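To start, the structure under review is shown below, and the notes come after it.
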Amino acid sequence: MRKHNSLNDQTYIFIDSIKGSIVLSPLLPTIERKNIWNENDEKEISVFKKFLTVVLYSPKNQGTVWTSERIYFVKLFKPYNWIVGGTSSQNLKEYIKECFKKHIKEHSSFNLFVVDLNDNKKDTVLSTNFLPRLKQVDKEKLRKGIFFNDKDRIYYVRLFPQWNLVVGSYVKKIDITKEIISLKEELLRKIKKGVLFAILVLLIILTISMVVILFLLKKLNFSLEEVLKKNRLLQRARRTLIIKVYKDELTKLSNRRKLEEDIRKIDPSKKVYFALINIRNFKELNELFGLTKGDEILSLFAKNLKKIVKKESKETNVYRIRGDRFGVLTCSKSLSDEFFIGFIKNLIKSLEEETFEIEGLKFKLDVTAGISTNKDNLIIKAEIAEQEAKKRNMNLYVFDKELQKIYQDLHKNIIVASKLKEAIKNDRIVPFFQPIVNLKTGEVEKYEVLMRVFDEEGKLLSPNEFLPIAKKTGIYLKLSKRLMEKALEIAKKRNIKISMNISSEDLASTEMKNWLLERVKNSGIAANICFEIVETEAFNSLEILKEFYSKIKELNAELSIDDFGSGYSNFEYISTIKPDYIKIDGSLIKKIPDSKEVEILTKHIVLFCKELNIKTIAEFVSSEEILRKVEELGIDYGQGFYLGKPTQLD
């Protein structure tokens, strides 16, 4: 280790014991084996104690760098409790500084220079006024690096404060000028070449563009021809479509859609006249000759109708509405009601005089018409008038105030039907329950299920209002299903007996009957269910009723004939069916207090039922007086507002 050195013998290794004695000191061999524990340097600092502190607290004993005038590296060597270190024999900073200056001077060809601010010697490389100007610059700016001009040079300099050295470079202004001129000449040469190349590229692009434009023009011309061709085809298709949309395919007359379009376009200042023409006996002819010959009759009739109408009035249009119904429309500011009615009468007469021959059989047509003169709902009102003409066995009927009520009822029916559909969709069908009281015990024995429907505002619709409409429009079965579903759920939940109304529509539908029987069977409460059917409906479909009754009896359910006494009151049928209950109609019950004859009739109904072991129920028990009377007559059960109003149970 004594012989180990580097940097031209500027560094060496030393060893000290942690107890203060010098083991190895190549720089000062005379102090070896001496103890320097209490010795201080020129700054009165115990170097040994400092080493010891640094070494003992070195993280993981990795060694520590310590810097003062010299640079030390010290580390504890535990096997011998030695402090092993390395340092320089002189101020290492000065040595590195001198090396750096020497290196810069060796590369002076790059116009590099170094100035030692501690050295007053002048450098001939620099101008005479360089150092004075340099010393005037703020040292903080100089540390970051600055540019400045001299009379013939441009300098860039930077201060390294740790060595107090200024390192810089310069360039002569004349050299910059020469370089600029050289670059300018080279740039001009490149620009000339670039311009020639650009012109050549431009010519190529223009040539290609012309070829492409000519090709595109040719394609455009071809496309325009195709567009014109397709436009002609489109116009032809449009005309064909209009014919199909507005023309009846069989008769070639304008159709109902065209009629509605023409009505919308009528000048409001003109009065409108419309007649719906119908072949009254066409159904029989169609059944006699078949559909093909029936179409032939319609075509001949349409041709004849148009011929007669156009002969009388060029402004009057003829349409085929549907089936065997045709329309005649005219509008005028001067035409009178009497003239148009007379025109239609003559038209009917001419049509009925025409003789048709099919398969050797000659016949004439029976024609009827309905007239409307109100633009609003013109077609519907004409149809109502035409139906009225058929009812009255007339050739012609004009829509009047009497038919206005029919139209209003029809309009009302549409509104109610719409409300019913909305109620089904939003589940606003609600079962109400009216108690049926045992007149002997005074206890509620069961409940009749009554249908109630709420509209979107939460108001109840009257059953008398919506039930007939529901049956006409085919909504009734949906209403009936939903009501029965809910009633069965409530009856099972509350363990009560219920009586549900069924109609002839329910019995006529095989799907409805099967659904109902399946529901009752699966409910598990068949013994608590009684089905009520109105007397007039029951005896219209006796065989169907007998079949249904036998099936519900198999399930242990019961049957009741409702409103008995209001219709046929066929006792023979009652004895055949033998229902479980007879409900005596309210029209009889409410008259008992005031009519002896009604009382006697009711008494005989009760006696007849008792003989057949059929229980009786009195409807419309609305007062104490009626209650006493029905009790005296021996009626088994009572139902009415006096005994209990219909209400919701769930």
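Miscellaneous remarks
- Answer from LEU516, LEU507 - the residue that is under 20 Å from LYS578 (Cβ atoms), surrounded by 17 or more Cβ atoms within 10 Å (Cβ to Cβ) and under 42 Å from the mean Cα position of the chain (by Cα): LEU507
Yes/no matrix, rows are residues, columns are (1) open to solvent by less than 50 Å² (accessible area, probe 1.4 Å); (2) out of contact with any strand residue (DSSP E or B) (no Cβ under 9 Å at 6 or more places or on another chain); (3) part of a helix (DSSP H, G or I):
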{"position": "ILE600", "(1), (2), (3)": "no, yes, yes"}
{"position": "LYS603", "(1), (2), (3)": "no, yes, yes"}
{"position": "PHE608", "(1), (2), (3)": "no, no, yes"}
{"position": "SER622", "(1), (2), (3)": "no, yes, no"}
{"position": "GLU625", "(1), (2), (3)": "no, yes, yes"}
{"position": "ILE635", "(1), (2), (3)": "yes, no, no"}
{"position": "LEU643", "(1), (2), (3)": "yes, no, no"}
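- Condition met for THR330 (over 24 Å from LEU300 (Cα atoms) and within 50 Å of the chain's Cα centre (by Cα)): no
- Screening the candidates LEU396, LEU410 for the property of being open to solvent by less than 50 Å² (accessible area, probe 1.4 Å) and at negative phi yields one hit, LEU396.
- Candidates in the stretch 344-368 are the residues that are β-branched (Val, Ile, Thr) and touching a Lys or Arg at 6+ places or on another chain (Cβ under 6 Å); of these, the one that is most open to solvent (accessible area, probe 1.4 Å) is THR355.
- When residues in the stretch 452-501 are screened for being polar (S, T, N, Q) and over 19 Å from ILE436 (Cβ atoms), 4 of them pass.
- Within the stretch 362-407, the set of residues being touching a residue at least 40 places away in the same chain (Cβ under 8 Å) and of a type in the set (A, V, I, L, M) comprises LEU365, VAL367, ALA369, ILE371, LEU378, ILE379, ALA382, ALA385, LEU396, VAL398.
- Filter result for ASN570 (modelled with pLDDT under 90, under 26 Å from PRO468 (Cα atoms), open to solvent by 30 Å² or more (accessible area, probe 1.4 Å) and in contact with a Phe, Trp or Tyr (Cβ under 6 Å, 6 or more places away or on another chain)): yes
- Of all residues in the stretch 278-289, those that are part of a helix (DSSP H, G or I) have Cβ atoms under 7 Å from Cβ atoms of residues that are buried (at least 18 other Cβ atoms within 10 Å of the Cβ), 6 or more apart or on another chain, in PHE282/ASP324; LEU285/GLY294; LEU285/ILE297; ASN286/GLY294.
- Scan of the stretch 282-304 for residues that are open to solvent by 60 Å² or more (accessible area, probe 1.4 Å), more than 51 Å from the chain's Cα centre (by Cα) and not basic (Lys, Arg), ordered by number: GLU284, LEU288, LEU300
- Selection count, the stretch 222-281, where residues are out of contact with any Lys or Arg (no Cβ under 6 Å at 6 or more places or on another chain), assigned by the TED database to the domain that holds ASN395, over 25 Å from GLU296 (Cβ atoms) and open to solvent by less than 90 Å² (accessible area, probe 1.4 Å): 10
- Sole residue being acidic (Asp, Glu) and exposed (fewer than 15 other Cβ atoms within 10 Å of the Cβ), chosen from GLU465, GLU448: GLU465
- Residue within the stretch 316-331 that is in contact with a strand residue (DSSP E or B) (Cβ under 8 Å, 6 or more places away or on another chain), outside any strand (DSSP E or B) and free of Cβ contacts under 8 Å to residues at least 40 places away in the same chain present: yes
- Residue in the stretch 309-327 that is most open to solvent (accessible area, probe 1.4 Å), counting only those that are in contact with a helix residue (DSSP H, G or I) (Cβ under 8 Å, 6 or more places away or on another chain) and more than 24 Å from GLN387 (Cα to Cα): GLU312
- ILE490 vs. criteria in the same structural domain as ARG428 (by the TED database) and in contact with a Pro (Cβ under 7 Å, 6 or more places away or on another chain): yes
- When ILE341 is tested against (1) open to solvent by 30 Å² or more (accessible area, probe 1.4 Å); (2) hydrophobic (A, V, I, L, M, F, W, C); (3) assigned to a strand (DSSP E or B), exactly one condition is not met: (3).
- Leading residue by the ranking (farthest from SER504 (Cα to Cα)) among those in the stretch 515-546 that are among the charged types (D, E, K, R) and modelled with pLDDT of 90 or more: LYS521
- Among (1) more than 21 Å from ARG153 (Cα to Cα); (2) at pLDDT 65 or above, the one test that LEU134 misses: (1)
- Looking only at the stretch 344-359, and only at residues there that are β-branched (Val, Ile, Thr) and assigned to a strand (DSSP E or B), the one that is farthest from GLY327 (Cα to Cα): ILE358
- Count of residues meeting criterion [open to solvent by 10 Å² or more (accessible area, probe 1.4 Å), within 21 Å of PHE466 (Cβ to Cβ) and either not in a strand (DSSP E or B) or not polar (S, T, N, Q) (or both)] in the stretch 432-445: 1
- Qualifying residue in the stretch 180-189 (condition: touching a Leu at 6+ places or on another chain (Cβ under 6 Å) and under 30 Å from PHE130 (Cα atoms)): no
The values are calculated or read from the model by the stated rules, or taken from the named source; none is laboratory data. Every value quoted in this text rests on a predicted model; they were computed, and no experiment measured them. Neighbour counts are summed over all protein chains in view; Cβ atoms, including those assigned to glycine, are modelled from backbone coordinates with ideal geometry. The area values use the complete protein model at the heavy-atom level, side chains included, leaving out ligands, DNA and RNA. Shrake-Rupley method; radii C 1.70, N 1.55, O 1.52, S 1.80 Å.
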